[in-house]
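Down below is the structure, laid out as structure tokens.
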2 protein chains.
Amino acid sequence: MPISIADVIDAHERIKPHIHCTPMLQSSQLNKLLGCELVFKADNMQKVGAFKARGACNAVFSMDQDSLSRGVVTHSSGNHGAALAWAAAMRKTPCTVVMPDNAPQAKKDAVISYGATVVFCEPTMTAREATVATLMEKDGASLVHPYDDDLIIAGQGTAALETITQLEQPIDILMAPVGGGGLLGGSALVIKQSLGFESTQVIGAEPEMANDAWQGFNSGVRVAKFVPNTIADGLRGTVGIRNFEIITEHVDNILLTSEARIVEAMKLIWTRLKIIVEPSAAVPVAAIMDQPDQFQGRRIAIILSGGNLDLDHLPW
Amino acid sequence: MPISIADVIDAHERIKPHIHCTPMLQSSQLNKLLGCELVFKADNMQKVGAFKARGACNAVFSMDQDSLSRGVVTHSSGNHGAALAWAAAMRKTPCTVVMPDNAPQAKKDAVISYGATVVFCEPTMTAREATVATLMEKDGASLVHPYDDDLIIAGQGTAALETITQLEQPIDILMAPVGGGGLLGGSALVIKQSLGFESTQVIGAEPEMANDAWQGFNSGVRVAKFVPNTIADGLRGTVGIRNFEIITEHVDNILLTSEARIVEAMKLIWTRLKIIVEPSAAVPVAAIMDQPDQFQGRRIAIILSGGNLDLDHLPW
């Protein structure tokens, strides 16, 4: 049975003692500049600095004692790895994270600092999955997939669930970046199954240089193999099977944006909201900057996915 | 009659339709690292990116129509200038800001973007005051002093007033940076005149390279002339007469910290809280990092003063 908003509500009950209910932020200067009204769900301020804490926490706190004793394993370009390490430490279960060797240093450091074992691999989905399979066989550890997993999708959906309770006015659009599709899928479930949001559009935003979700959304066939090449390191995963189903059913559109625009949007968010967001989190604002006419006068909630990056190597 | 918490409450009633009630932020990683429990009042997310919006708004919204028609003038290393320009624009009164020529470009740009006229001068208090006097004579404009003004002190105190209503648990200490003493003075008034905070200490933090408040606090004689040389550009003012009186009466201690530690603290806040703070805002955390033993196990509220700086010229 496909998951629904009920699973997201269950997830929220399970994880809310452990996560932050992150604030909603606005900037009138930014609204003036872009010609629309933006409200930001600041999940860059979530535990481990990313929404990924939600899904990982839901997965690990759903495990029984027997599985916990054998540990958890995952592959991640960074934030899910840190999130799983953080959640695993709370339940005292061993955690191994397979990371592409081009992941940002700040993300590698974070995974290690939360107590996980890190194994590096080539930066392709095939290499990530093969390395994980080897580790699962060796230790009997459970895979906590970074996105293609019902518990993960339900967990990530809690960001949108909190958002709709925090909103002071209705929204026309909810936007989220799309990498593997956990956040966008979970968010779409929440919006499309909530009373009062019947006319709210759900729009994903993706880098042109990692446009597998956009391709699949438009052709109807999921792109399973893809080598992304984007500064938005959190969006380098390929949309999962479960995620693709949910996105196809519930998402209204996916927009693409360029690398230069992502950097511009990131700097604009830093300057106007006074918060640190990583490139991936800036992708929805970049998409709005690309086609401001389409968003003119609309009220838009944007989920800021994370704030982890190397402060010594900024892209400007 | 010296001002009291009643003036701060009046100020809050006057300005709250125009300002943000900024969020309180925490990081368990940061607490673990420093061995104490820190709650941050994020006034870097205030209008114009600094607590200065509070005082300027209180001053301008206290003016009568006759004074408004002649305009306002001030001197400021940046944030008060932007705040006054912002507040003046809301009341459609002309605004001139005298700025030291070494103010950060981002702050110069902000003052201009809010519609004020900028006049540059040498980076000394004497030059700032002389230039303002000339302008006042010429236009009949009212001086809105950046800190040595009862309405400004009362306005800045509203950050602490909001803080005590937002706290979920009592605090042992409230800390704020000290430049001219508007924020520290206003905060001290609020804490020392609020029921339930009898045992809360108020501590100022100041760069060693701009230690005029510390000198005056310890000698009992205000330092009136001083050439500061600190990266914390918001703290380059010299403590005002009214401010010095309040600080001497109500503040428990002033701590000094080094330039290197300020940069280290700033980067730590960026990394752990995922927010942009300017060097001045990091001074209290820097002081805690200098002597962690003194703060071990204490619960401390820190007012983050601002988040305006040149993102193209970071100090690391």
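The values are calculated or read from the model by the stated rules, or taken from the named source; none is laboratory data. This is a predicted model, so every value here is computed, not measured. Methodologically, a virtual Cβ is constructed for each residue, glycine included, from the backbone with ideal geometry; neighbour enumeration extends over all protein chains shown. Please note that ligands, DNA and RNA were not included when accessible areas were found on the heavy atoms of the full protein model with its side chains. Shrake-Rupley method; radii C 1.70, N 1.55, O 1.52, S 1.80 Å.
Some notes on this structure:
- Note on the range B:289-307: among residues that are part of a loop (DSSP other than H, G, I, E, B) and touching a helix residue (DSSP H, G or I) at 6+ places or on another chain (Cβ under 6 Å), the one that is nearest to the other protein chains (Cβ to nearest Cβ) is B:G307.
- Pairs where the first residue, in the range B:293-310, is in contact (Cβ under 8 Å) with a residue 60 or more places away in the chain and more than 27 Å from B:L161 (Cβ to Cβ) and the second is open to solvent by 10 Å² or more (accessible area, probe 1.4 Å) and in a helix (DSSP H, G or I), C-beta under 7 Å, 6+ apart: B:D310/B:Q105; B:D310/B:A106
- Qualifying residue in the range B:248-256 (condition: within 14 Å of chain A (Cβ to nearest Cβ), in a helix (DSSP H, G or I), open to solvent by 10 Å² or more (accessible area, probe 1.4 Å) and β-branched (V, I, T)): no
- Count of the range B:1-39 residues which are within 11 Å of another protein chain (Cβ to nearest Cβ), closer than 12 Å to B:E162 by Cα and not in a loop (DSSP other than H, G, I, E, B): 1
- Among the candidates A:L34, A:L38, A:L84, residue that is crowded, with 16+ Cβ neighbours inside 10 Å, touching a Leu at 6+ places or on another chain (Cβ under 7 Å) and modelled with pLDDT of 95 or more: A:L38
- Residue count for the range A:257-288, restricted to those that are in contact (Cβ under 8 Å) with a residue 12 or more places away in the chain and either within 10 Å of chain B (Cβ to nearest Cβ) or buried (at least 24 other Cβ atoms within 10 Å of the Cβ) (or both): 22.
- Listed by position, the strands (runs of 3 or more DSSP E) enclosed by the range B:53-121 that each have at least 2 residues that are free of Cβ contacts under 8 Å to residues at least 24 places away in the same chain, on the phi < 0 side of the Ramachandran plot and assigned by TED's automatic domain parsing to the domain that holds B:T131 are B:117-121.
- Of all residues in the range B:106-137 being in contact with a His (Cβ under 8 Å, 6 or more places away or on another chain) and not aliphatic (A, V, I, L, M), the one that is surrounded by the most Cβ atoms within 10 Å (Cβ to Cβ): B:R128
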